[in-house]
Amino acid sequence: MTTAYAFPPAPIAAVPVAGAATAFPVRRIYCVGRNYVEHAQEMGFSGREAPFFFCKPADAVVPVAPGETVAIPYPSQTANLHHEIELVVAIGKAGRDIAEDQAAAHIFGYAVGLDMTRRDLQMDLRKAGRPWELGKAYDQSAPIGPIHPIAATGEIAKGAIRVDVNGEKRQHSDITKLIWNVNETIAYLSRYFELQPGDLIFTGTPEGVGAVVAGDLMTGSVEGLGEIRVRIC
Ligand code: MN
C-alpha cells in the first residue's frame with residue numbers, strides 16, 4: 001500500500017555527478033570540525049584533539065555547475081558570515097566500523113564545497129556550550145560542485161585546496177595537511193553512525209577563514225575537482 005502523505009514530500013536534495021547524466025541523492029551531511037592544524041590554531045585550539053563532527057541538513061546543499069556563478073543570499077541573524085573551503089567526500093556504499101584500509105571502497109566520489117558559517121552565532125553557541133546548528137546548519141549553507149566519481153579521480157590524498165574572494169587570496173592550503181585524513185575520518189565516523197550511500201562528509205577547512213559580505217564572489221577549488229563560483233547576494 002502506498003503511503004498517503006498529508007502534503008507532498010520535499011524534493012530529494014541532489015548534487016550532479018560530473019561526466020554523467022545522473023545526480024547523487026543526498027541523505028546526510030556530516031562535517032568535521034578543526035581538521036587542519038593552522039585552522040584549529042586560528043580558532044584557539046592546539047590542533048591535536050580527536051576529530052569531532054556536526055551535521056547540516058541534506059537540503060542545505062546548493063549545487064554549483066562548472067562555469068556558472070551561483071548566488072546565495074546573505075543569511076539572516078548574522079553580521080559575520082564566513083567561508084570555509086572544504087574537500088567533500090561522497091559515500092557510495094554502506095558500512096559501520098569501517099577499517100581505514102577499507103575506507104576507499106565506500107567512497108563514491110569527491111567534490112569541492114563551502115561550509116558557510118554564521119561565525120558570530122557559532123562562537124556565541126560554542127562559548128555557552130550549546131549545539132552549533134544555528135551557526136552551521138542554516139538554509140543554503142553548503143554550496144557544492146559536481147561529484148567526481150573516484151573511478152575518474154583515484155583516491156585523493158593530496159592537492160591544492162583554495163578559495164579566493166573577489167580575486168584575493170583567502171584560504172590556500174593542501175589536502176596533505178588534513179589532521180585526520182579521508183580514510184581515518186571515514187573509519188572514525190563509521191564507529192558512531194552507519195554510513196549510507198548518499199552521505200556527504202565535509203572534511204574540514206584550512207586556515208584563512210574570513211568574512212564575506214553581499215556582492216562578494218568566492219572562487220573555490222580543490223585540485224582535480226574543478227572550481228566553484230559563488231556570489232553572496
Ligand atoms: Mn567546516
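The values are calculated or read from the model by the stated rules, or taken from the named source; none is laboratory data. As the structure is a prediction and not an experimental result, all values here were calculated from the model. All Cβ positions, even for glycine, are placed from backbone atoms using ideal geometry, and neighbour counts span all protein chains on display. To get the accessible areas, we keep the full protein, side chains included, count just its heavy atoms, and leave off ligands, DNA and RNA. Shrake-Rupley method; radii C 1.70, N 1.55, O 1.52, S 1.80 Å.
Considering the range 1-42, and only residues there that are aromatic (F, W, Y) and open to solvent by 100 Å² or more (accessible area, probe 1.4 Å), the residue that is nearest to D139 (Cα to Cα) turns out to be F7. Within the range 43-78, being open to solvent by less than 10 Å² (accessible area, probe 1.4 Å) and hydrophobic (A, V, I, L, M, F, W, C) holds for A60, V64, I72.
Number of residues in the range 137-152 that are out of contact with any helix residue (DSSP H, G or I) (no Cβ under 6 Å at 6 or more places or on another chain), open to solvent by less than 10 Å² (accessible area, probe 1.4 Å) and either under 13 Å from R118 (Cβ atoms) or not β-branched (V, I, T) (or both) equals 2. Look at A157 and say whether it is within 16 Å of the ligand (Cβ to nearest atom) and more than 16 Å from H39 (Cβ to Cβ). For A157, the condition - within 16 Å of the ligand (Cβ to nearest atom) and more than 16 Å from H39 (Cβ to Cβ) - is not met. K177 fulfils the conditions (1) more than 13 Å from the ligand (Cβ to nearest atom); (2) crowded, with 23+ Cβ neighbours inside 10 Å except for a single criterion, (2).
For the range 209-233, the set of residues classified as open to solvent by 10 Å² or more (accessible area, probe 1.4 Å) and within 16 Å of the chain's Cα centre (by Cα) consists of V209, T219, S221, E223, G226, E227, R229, listed by residue number.
Residues in the range 46-66 that are more than 20 Å from T176 (Cα to Cα) and either touching a Lys or Arg at 6+ places or on another chain (Cβ under 8 Å) or free of Cβ contacts under 8 Å to residues at least 40 places away in the same chain (or both): F54, C55, K56, A58, V64.
Quick test for you: out of E133, E100, E168, E155, pick the one residue that is under 19 Å from the mean Cα position of the chain (by Cα) and within 30 Å of G44 (Cβ to Cβ).
Details: E100 fails: under 19 Å from the mean Cα position of the chain (by Cα); E168 fails: under 19 Å from the mean Cα position of the chain (by Cα); E155 fails: within 30 Å of G44 (Cβ to Cβ).
Answer to the selection: E133.
Being of a type outside the set (F, W, Y), open to solvent by less than 70 Å² (accessible area, probe 1.4 Å) and without any contact (Cβ under 8 Å) to a residue 60 or more places away in the chain is true of L125. When only residues in the range 88-103 that are more than 8 Å from S190 (Cβ to Cβ) and of a type outside the set (G, A, S) count, which is surrounded by the fewest Cβ atoms within 10 Å (Cβ to Cβ)? Top of the filtered list is D101. When each of A90, A105 is tested for being more than 16 Å from the ligand (Cβ to nearest atom) and free of Cβ contacts under 8 Å to residues at least 24 places away in the same chain, the lone residue that passes is A105.
Among the listed residues I201, I161, which satisfies the condition of being of a type in the set (A, V, I, L, M), in contact with a Pro (Cβ under 9 Å, 6 or more places away or on another chain), surrounded by 20 or more Cβ atoms within 10 Å (Cβ to Cβ) and within 29 Å of I72 (Cα to Cα)?
I161
Looking at Q102, Q122 in this structure, which one is at pLDDT 95 or above and in contact with a Gly (Cβ under 7 Å, 6 or more places away or on another chain)?
Going through Q102, Q122 in turn, just one is at pLDDT 95 or above and in contact with a Gly (Cβ under 7 Å, 6 or more places away or on another chain): Q122.
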